[in-house]
Amino acid sequence: MHYTLIRPDRGLAPALQQRIDTKTKPLGALGRLEALALQIGLIQQTLEPELRQPHVMVFAGDHGAARAGVSAYPQDVTWQMVENFLAGGAAINVFARQAGMGLSVVDAGVAHDFGPRPGLIAAKVAPGTANYLEAPAMDAAQRNAALAHGRELALGLAGTGCNVVGFGEMGIGNTAAASLLTHCLTGADLATVIGRGTGLDDAGLARKRELLAHAVARGGRPADPLEALAQYGGFEIAMMAGAMLGAAEARMVLLIDGFIVTSALLVAHALAPAVLDYCVFAHRSQEPGHAVQFDHLGAEPLVQLDLRLGEGTGAALAYPLVQAAVNFLNEMASFESAGVSGKAD
């Protein structure tokens with residue numbers, strides 16, 4: 001599979017920077033918001049960017065290894081939480097409503113039959129992955145189907161007029177899969193990228209480390225993103241990676257949530273490095289592997305709120321900062337228009 005993404009043309013950067021610098025403020029006084037305004041202007045190739053129909057996509061899937069004890073919660077919580085999303089009762093529902101963002105839930109591979117439901121996108125590759133402690137999590141055909149379907153979903157969303165998309169996930173055991181992918185694709189030591197996930201105690205964390213070491217002893221440490229995804233990924237992670245590539249192809253702004261979402265981005269980035277130009281990193285989570293991912297990608301999060309929930313919650317919470325960056329660029333007076341004296345020479 002070959003992905004080609006076009007980096008935004010930087011020819012507009014001097015004009016955008018001039019527009020930012022002549023607003024009624026000291027140079028650089030809006031800090032990270034200024035860099036964000038520049039980035040979004042370049043993504044949209046305009047001096048007057050706009051955010052249209054912002055949307056969060058939550059990808060859900062089950063992991064065969066979850067039944068081996070890599071999580072503090074039983075696997076049934078995945079489908080139960082999908083029901084909670086559909087009923088409007090989860091944290092992501094609250095924060096998306098608050099931010100004025102649309103929300104859709106994608107069944108990428110939950111071990112449960114939901115039937116047709118409003119707000120649920122049926123994209124199930126299989127009812128959960130295989131147990132990567134014993135065999136690859138998915139075969140090449142399943143992996144490729146998940147990637148392709150994710151791309152189609154993002155392009156379909158762009159076709160409705162949406163140009164900013166937040167990524168979220170749900171899947172018991174998926175911090176373990178994210179740890180394995182991070183280990184493979186960043187080269188970091190496995191123990192340093194394994195965290196407590198949904199709240200493992202010390203004994204549970206030790207068991208998780210033991211199980212994941214066993215997984216690597218079986219499947220190795222493939223640096224190739226497609227092979228790593230097949231060995232250890234989840235259908236929700238694979239479909240999310242495909243959706244990120246599709247969203248960047250459609251020149252959307254991508255709001256990247258926490259550790260698991262960023263593990264999908266590691267895959268997308270390894271396939272098409274230009275995807276990074278379209279990414280806004282919402283927050284740094286409490287999972288220790290998230291900092292490793294940021295170092296590998298050369299990225300900086302907007303905020304640090306000690307979140308470790310997933311669901312896209314960090315992306316929804318960061319969206320008002322993205323709005324602020326676009327709004328100051330479009331609505332704030334310049335020194336000239338406001339009749340305010342600039343800095344003395």
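Throughout, read-outs are computed from the coordinates displayed, never taken from laboratory work. On a predicted model such as this, the values are computed, not experimentally measured, just so you know. Cβ sites come from the backbone with ideal geometry, for glycine too, and all protein chains shown count toward neighbours.
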- If you put +1 on each Lys and Arg Cβ and -1 on each Asp and Glu Cβ, how big is the dipole of region 55-321 around its Cα centre, in Debye rounded to 20? 80 debye
- Item | At q = 0.18, 0.22, 0.24 Å⁻¹, base-10 log of I(q)/I(0) for region 209-275 (Debye sum, equal scatterers on each alpha carbon) | -0.68, -0.92, -1.04
- Cα extents of region 48-121 per principal axis, largest first, Å, are 51, 27, 20
- Item | Gain in span if fully extended, L205 to A72, counting 0.36 nm per residue against the direct Cα distance | 46.9 nm
- Message: Can you tell me the orientation of helix 313-331 relative to the chain, as the angle in degrees between its alpha-carbon axis and the longest Cα principal axis, to the nearest 10?
- Response: 20 degrees
- Query: Across the Cα atoms of region 13-75, what radius of gyration and what greatest pairwise Cα-Cα distance (Dmax) are found, in Å?
  - Reply: 21.0, 58
- Message: Ranking request for peptides 70-78, 229-237, 305-313: highest mean number of other beta-carbon atoms within 10 Å first, then the rest in descending order.
- Response: 229-237, 305-313, 70-78
- Note on the structure: Quick numbers on region 55-321, Rg and Dmax over C-alpha atoms in Å, give 16.3, 48
- Protection proxy ranking, peptides 276-284, 20-28, average beta carbon neighbours within 10 Å, highest first: 276-284, 20-28
- Relative to the longest principal Cα axis of the chain, at what angle does helix 202-219 sit, 0 to 90 degrees, rounded to 10? 80 degrees
- Query: Which stretch or stretches of region 12-55 have amide N atoms under 16 Å from the point lying 7 Å from A338's Cα along the Cα→Cβ direction?
  - Reply: 19-31, 34
- Taking N as the number of residues in region 172-309, what is its alpha-carbon radius of gyration divided by 2.2 N^0.38 Å? 0.99
- Task: With a 10 Å radius around each residue's Cβ, average the other Cβ atoms per peptide and rank 146-157, 290-301, highest first.
- Result: 146-157, 290-301
- Message: For V164, what residues show an amide H to amide H distance below 5 Å, using hydrogens built from the backbone and excluding near sequence neighbours?
- Response: R52, H55, V253
- Task: Report the residues of region 225-239 in range of a label on D139: point 7 Å along Cα→C-beta, backbone N strictly under 15 Å from it.
- Result: 230-231
- Note on the structure: Computed from the beta carbon distance with a Förster radius of 30 Å, FRET efficiency for Q304 and T22 to the nearest 0.05 stands at 0.45
- Item | Rough spin-label spacing in nm, given labels placed 7 Å along Cα→Cβ, for N327 and E48 | 1.8 nm
- Item | Dipole of region 1-88, positive end: most advanced residue of P74, Q17, Q45 [Cβ charges, Cα centre] | Q17
- As straight-line cross-link partners of K124, the qualifying aspartates and glutamates (C-alpha separation under 17 Å, not fewer than 8 residues apart within one chain) are D62, D76, E83, D107, D113, D139, E152, E169, E236
- Note on the structure: Rounded to the nearest Å, the spacing of the alpha-carbon centers of region 194-224 and region 310-335 is 37 Å
- Does anyone have the angle between helix 288-297 and the longest principal axis of the chain? Alpha-carbon axes, 0 to 90°, nearest 10? 50 degrees
- Taking 0.36 nm per residue of separation between A29 and I6 and subtracting their Cα-Cα distance, the length gained on full extension comes to 5.2 nm
- Task: Pick out, from L302, G258, P118, the residue whose Cα sits farthest towards the positive end of the charge dipole of the chain, with +1 on the Cβ of Lys and Arg and -1 on the Cβ of Asp and Glu.
- Result: L302
